[in-house]
Amino acid sequence: MGKSNKRRACPAAGREISSAECGESRQSGYACPPECVHNPFAAVNYTRLLEIEDVLDRKLVLRLRGETPDAGPIDRGLREAIASKSGHAQHAFFSWQFFFARDGAGLTCVERWERAGFPGLSNDERVLVRAKGRVQVRLVEIRAVLDEQRVRVADLLTPGEPAFVIVDRSLAARACRCDTLVAWCYPLPHFGRLAGTAISVPAMGKFSPEEIMGELSRHLGMPADEAGAGRWRAEQFVRIDEALTATAHERRRAMLRGIDAQWGVADYGATGPAEAGRKRLEGEAAVAPDEPNDEDRRAGFVEAWVWFDEAAAGTPGSATAGGRVVLGTVLRGDGKWRLQGMGMEKLARLRAAFEARMGARVRFTGERRDDIGEQMALKEPAGDAALVPPRLLEEPEKILLFTSRVDRPPVALSPEQMMAGARGEELRRFPDVALPALDGRTPRAAAGDPKLRPELVRLVKQRMQALDADNLRTGRMDDINGLVRELGLTELDFPPPPPRARFDARGKRDEAGDVSDDDTEWDGGTEWGDEPVAEDRTRRPAEALPDEPLGFEEAARRLDEALAGFATASERLVEMKANGANIFAAVDALAADHLDEQDFQYFTTFLLRAWFALVPRGRRGPRVREHAMGAALASELAKVKDWLKGGPEVMNAAIREGCRQPALMEILTADIFENVNEAPKEIRPSFGSLPVMLAVMKVVINEVHDGLRAGRQTDAG
């Protein structure tokens, strides 16, 4: 066989170089172009970049712990982050420790590592850690989804800076134009990256995202200088999320209390024959026949009419895509009449119109009302009022509730098609409808008014974002750019997203496919196939564990290497069947009453890592004892409520207490919590299921440990 050619053409050097020279010099000694196939920092090699980043992040954790003589404060901070209800806390904690916290010499963890020459890092890892060291918390607005992994964004905190491209598959799969995120970002040579978690900035009436972030930051005490502000945003990331959430809840509570959402019922007795009353209604132009629903029929009503709100026709801003606004419903039973509808003002007008039409044929007997808006406001979660900037509570959104009816189209349409048609009609009318938000002027007029144009831009951004979200849910490709161009809003002429897989209203993907979140280890679903694989009894048993538990560094090393060499989940399954493992069947049976399918799917990756960290590839592992594990799990689950109530210290002690491999358990616990927010929504578990996962993991680690120590290998049955 001929010797393999290990030299390659280098466009940066302008000559052939060895693969070793490439590996030691790319993006450090050489300015590699984005199209180079050997450049892991090119978008075409994004998967390779994620692999490098995963290894680097673990090395960062080991470096931080290794250089800290007293790891107590770090461990305590991590435990508090894990125990908090925030999905952002753990990533924010590590980001602060790695890139922002400074020692007496003014150096961060990464800067100290760099001064030491980055021992233990490859060239690619050195390039990446320097880039990650420039991470900032930015306020990014989505401008365009370019393809399945690239998104163009702008930082609203630096309006003079041009838009830039972020490569992130999960974001590209779900992003809508004009979505705004408070996110950790760092620059790479050819694109930017999101790191960890991001906070979605909710709409708050008249306030732009920049105004929301500015007002909230001032309220929480952000320093005035930009350098101090950048550090403050990193340190206060979780608090920013809590303040945004609390403010959104308070605004929503005020909005709900301001809605005329009282469901009203007015009852009448009939003083004349039913036929006479029916004829009076049939002669009213605003009334049309309807059908009682099942509840109305059970209440004794046999006929129904809908009464339209003729006063709403032609009201500025009330375009209803050709539909007629409903004032309320009229019901008739044996000797009785009933009016019902949403809103006391509407019910009062309906009563007046009904009584005027019916005259002495009916007699009012009583009225009932149910304030749905107040009930909903009382259910709105309460946040920390001290975090809420008073100014952001000004002018809560005002919602006018109405029902309209549209004539059935000549061709049968689906509900989605009818909604799309109504939305398209609303957008068509939008330029010439006078709007209160524009001081009673039309969007067409406001587009040429420098004072009103910013508010018009905000309104159109809201419509653009909502349309993209609808398209993502329905799979349609409707666009708003015709309206944007008609109004001359060149600053909003962003290209529409490409065709993408659908996600439902809860963020769950409707179609098959693999959209894996970038900073996680998901395979797009665990592929537990049914292919027959014989147990390999010729394998040597896995080595017995040492008397002392594994140290933190050894546990981390084993976990890093646990899944190395497996291309797919199916390969892992084949390996586990070959080594005779019965762990998944046992865990599935034990956890069936506590974890649903989605939670179990999330848990499987961590369970695989625990198994292969203790039973290396190519060896035989122990048979686990389902009955013994069941008893142990019941004992652990009985403690869950107590250690949750006790806070971070109690929780950490409970997780470690009685665990044969506490370092392994601690790392896996951190990983389980860290990846919750980054997991694809189709397999993302609820926070309530996480304590159960920890209890199961502890039982599994102990059982595998005991099996290895006892020599209970697969050939023992």
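The values are calculated or read from the model by the stated rules, or taken from the named source; none is laboratory data. These figures come from a predicted structure and were not determined experimentally. Every residue, glycine among them, receives a Cβ derived from its backbone with ideal geometry; neighbour counts consider all protein chains shown. With ligands, DNA and RNA removed, areas are computed over all heavy atoms of the protein, side chains included. Shrake-Rupley method; radii C 1.70, N 1.55, O 1.52, S 1.80 Å.
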**OP:** Among the candidates 194, 156, single out the residue that is under 16 Å from residue 461 (Cβ atoms) and touching a residue at least 12 places away in the same chain (Cβ under 8 Å).
**Re:** 156
Subject >> Subset of segment 339-353 (residues that are buried (at least 17 other Cβ atoms within 10 Å of the Cβ) and either of a type in the set (S, T, N, Q) or within 16 Å of residue 280 (Cβ to Cβ) (or both)) >> reply: 339, 340, 350, 351, 353
Original post:
For residue 232, all conditions in the list (1) more than 30 Å from residue 185 (Cα to Cα); (2) hydrophobic (A, V, I, L, M, F, W, C); (3) under 29 Å from the mean Cα position of the chain (by Cα) hold save one; what is the number of the exception?
Top reply: (1)
**OP:** Collect the residues in segment 601-641 that are under 23 Å from residue 552 (Cα atoms) and touching a Leu at 6+ places or on another chain (Cβ under 7 Å), keeping them in residue-number order.
**Re:** 603, 606, 608, 609, 610, 612, 613, 614
Original post:
How many residues are open to solvent by 30 Å² or more (accessible area, probe 1.4 Å) and hydroxyl-bearing (Ser, Thr, Tyr) if we restrict to segment 448-474?
Top reply: 0
**OP:** Return the only residue of 60, 121 being more than 20 Å from residue 230 (Cα to Cα) and in contact with a helix residue (DSSP H, G or I) (Cβ under 6 Å, 6 or more places away or on another chain).
**Re:** 60
Original post:
Residues in segment 287-318 that are surrounded by fewer than 17 Cβ atoms within 10 Å (Cβ to Cβ) and either among the hydrophobic types (A, V, I, L, M, F, W, C) or modelled with pLDDT under 85 (or both): how many?
Top reply: 11
Original post:
So which residues in segment 26-54 are hydroxyl-bearing (Ser, Thr, Tyr) and surrounded by 17 or more Cβ atoms within 10 Å (Cβ to Cβ)?
Top reply: 30, 46
Original post:
Which ones in segment 191-205 are of a type in the set (A, V, I, L, M, F, W, C) and more than 22 Å from residue 43 (Cβ to Cβ)?
Top reply: 199, 201, 203, 204
Subject >> Qualifying residue in segment 140-147 (condition: open to solvent by 20 Å² or more (accessible area, probe 1.4 Å), at pLDDT 95 or above, hydrophobic (A, V, I, L, M, F, W, C) and assigned to a strand (DSSP E or B)) >> reply: no
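Show me the helices (runs of 4 or more DSSP H) found entirely inside segment 66-137 where at least 3 residues are surrounded by 16 or more Cβ atoms within 10 Å (Cβ to Cβ) and of a type in the set (A, V, I, L, M).
72-83, 123-132
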Original post:
Do we have residue 358 as surrounded by 17 or more Cβ atoms within 10 Å (Cβ to Cβ), at pLDDT 70 or above, under 34 Å from the mean Cα position of the chain (by Cα) and of a type in the set (A, V, I, L, M) here?
Top reply: no
Original post:
residue 15 fails exactly one of the following numbered conditions: (1) at pLDDT below 90; (2) surrounded by fewer than 17 Cβ atoms within 10 Å (Cβ to Cβ); (3) farther than 30 Å from residue 164 by Cα. What is the number of that condition?
Top reply: (1)
Subject >> Residues (small (Gly, Ala, Ser) and over 13 Å from residue 306 (Cβ atoms)) located in segment 330-352 >> reply: 333, 335, 343, 348, 352
Original post:
Taking segment 194-240 on its own, how many of its residues are within 17 Å of residue 156 (Cα to Cα), outside any helix (DSSP H, G or I) and open to solvent by less than 50 Å² (accessible area, probe 1.4 Å)?
Top reply: 8
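Name the residue that is modelled with the lowest pLDDT, counting only residues in segment 546-582 that are outside any helix (DSSP H, G or I), more than 31 Å from the chain's Cα centre (by Cα) and within 24 Å of residue 662 (Cβ to Cβ).
Restricting to residues being outside any helix (DSSP H, G or I), more than 31 Å from the chain's Cα centre (by Cα) and within 24 Å of residue 662 (Cβ to Cβ), the top hit is 581.
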**OP:** Consider only pairs whose beta carbons are under 9 Å apart and that are at least six residues apart or on different chains; among these, list those whose first residue lies in segment 282-307 and is aliphatic (A, V, I, L, M) and whose second residue is part of a loop (DSSP other than H, G, I, E, B) and open to solvent by 40 Å² or more (accessible area, probe 1.4 Å).
**Re:** 302/334; 304/291; 304/293
Subject >> Residues that are assigned to a helix (DSSP H, G or I) and surrounded by 18 or more Cβ atoms within 10 Å (Cβ to Cβ), drawn from segment 475-496 >> reply: 483, 484, 492
Subject >> helices (runs of 4 or more DSSP H) wholly inside segment 362-447 that include at least 1 residues being charged (D, E, K, R), surrounded by fewer than 15 Cβ atoms within 10 Å (Cβ to Cβ) and at pLDDT below 75 >> reply: 372-379, 415-429
Original post:
Which members of segment 587-634 meet the condition of being open to solvent by less than 30 Å² (accessible area, probe 1.4 Å), over 21 Å from residue 669 (Cβ atoms) and either in a helix (DSSP H, G or I) or of a type in the set (Phe, Trp, Tyr) (or both)?
Top reply: 630
**OP:** Find the residue count for segment 159-176, including only residues that are among the small types (Gly, Ala, Ser), in contact (Cβ under 8 Å) with a residue 40 or more places away in the chain and either at positive phi or assigned to a loop (DSSP other than H, G, I, E, B) (or both).
**Re:** 1
Original post:
Is it the case that segment 177-185 has a residue that's within 25 Å of residue 484 (Cα to Cα), open to solvent by 10 Å² or more (accessible area, probe 1.4 Å) and in contact (Cβ under 8 Å) with a residue 60 or more places away in the chain?
Top reply: yes
Original post:
With respect to the numbered conditions (1) among the acidic types (Asp, Glu); (2) in contact with a helix residue (DSSP H, G or I) (Cβ under 9 Å, 6 or more places away or on another chain); (3) at pLDDT below 80, which one is the sole condition not fulfilled by residue 35?
Top reply: (3)
